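**Q** Before anything else, here's the structure in question.
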Amino acid sequence: MNKLNIGVLSLQGAVREHIQMIENSGAHGVSIKKPHELSKIDALIIPGGESTVIGKLMAKYGFDDAIKELYKDGMPIYGTCAGLILLAQKVVGGNKYTLGLMNIEVRRNAFGRQKESFEADLEIPGIGKNPFTGIFIRAPWIELIGKDVHVMAKFKGKIVMAQEGRLLVTAFHPELTGDKRIHDYFIEMVKKS
């Protein structure tokens with residue numbers, strides 16, 4: 001069987017780290033720099049970074065419409081940190097550059113600014129018994145979820161990981177940990193889609 005091609009939107013963020021995790025999970029990581037390259041992949045990861053900057057670049061280069069179209073056609077998408085914000089239908093305080101695909105409301109920089117970044121052990125039953133080290137960098141959290149959104153992890157009562165059908169989001173950065181379980185989970189999602 002051919003390896004799955006998992007694209008990483010390469011406008012900003014930890015692209016190389018995501019590609020390495022994808023490769024470690026047995027799939028092929030593809031850096032996506034132009035909208036036409038989206039046709040070569042089976043799924044997409046939108047990495048962390050600055051959500052407004054990534055959103056503006058997505059709109060400028062036509063990624064926003066292309067990604068929405070591919071999602072409608074069945075493509076799974078995983079968003080980490082800024083990627084979570086960009087997938088949300090609503091952002092507290094507003095952000096006109098979201099894709100609006102996932103039935104969630106999020107708060108940007110909810111855990112604080114850069115200097116308040118931290119690591120925490122998270123219980124994520126969907127990926128195994130052992131805790132997962134979440135790396136939170138200017139992280140958002142999910143304030144409200146729609147009825148079809150499944151909460152996968154919380155930190156101090158705040159939702160930090162969720163899934164809705166073919167959409168997966170984390171408020172933290174698993175690509176920076178060396179623990180490939182969340183990437184494994186996403187790849188299994190892709191295989192089932």
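The values are calculated or read from the model by the stated rules, or taken from the named source; none is laboratory data. Keep in mind the model is a prediction, meaning the values are calculated, not measured. Cβ atoms come from the backbone with ideal geometry, glycine included; neighbour counts cover every protein chain shown.
**Q** Applying the selection to region 1-58, what residues are farther than 19 Å from Pro174 by Cβ, surrounded by 20 or more Cβ atoms within 10 Å (Cβ to Cβ) and either free of Cβ contacts under 8 Å to residues at least 24 places away in the same chain or not aliphatic (A, V, I, L, M) (or both)?
**A** Correct list: Asp42, Gly55.
**Q** Could I ask something else about it? Any chance you could count how many residues in region 111-162 are of a type outside the set (S, T, N, Q) and assigned to a helix (DSSP H, G or I)?
**A** 5
**Q** Also: Can you tell me which condition Asp179 does not meet? The list is (1) within 19 Å of Tyr71 (Cα to Cα); (2) part of a loop (DSSP other than H, G, I, E, B), and all the others hold.
**A** Only one criterion in (1) within 19 Å of Tyr71 (Cα to Cα); (2) part of a loop (DSSP other than H, G, I, E, B) is unmet by Asp179, namely (1).
**Q** What are the residues in region 157-171 that are of a type in the set (S, T, N, Q) and within 14 Å of Asn103 (Cα to Cα), if any?
**A** The one that is of a type in the set (S, T, N, Q) and within 14 Å of Asn103 (Cα to Cα): Gln163.
**Q** Checking Phe172 against (1) aromatic (Phe, Trp, Tyr); (2) over 20 Å from Met189 (Cα atoms); (3) buried (at least 21 other Cβ atoms within 10 Å of the Cβ): exactly one of these is not met. Which one?
**A** (2)
**Q** Kindly provide the set of residues from region 67-78 that are touching a Ser or Thr at 6+ places or on another chain (Cβ under 9 Å) and surrounded by 13 or more Cβ atoms within 10 Å (Cβ to Cβ), ordered by number.
**A** Within region 67-78, Leu70, Met75, Pro76, Tyr78 qualify.
**Q** Mind checking which residues of region 155-175 are touching a residue at least 12 places away in the same chain (Cβ under 8 Å) and out of contact with any Gly (no Cβ under 9 Å at 6 or more places or on another chain)?
**A** Lys158, Ile159, Ala162, Gly165, listed by residue number.
**Q** Can you tell me how many residues in region 71-108 are among the β-branched types (Val, Ile, Thr), in contact with an Asp or Glu (Cβ under 8 Å, 6 or more places away or on another chain) and either under 19 Å from Leu57 (Cα atoms) or at pLDDT 95 or above (or both)?
**A** Of the residues in region 71-108, 4 are among the β-branched types (Val, Ile, Thr), in contact with an Asp or Glu (Cβ under 8 Å, 6 or more places away or on another chain) and either under 19 Å from Leu57 (Cα atoms) or at pLDDT 95 or above (or both).
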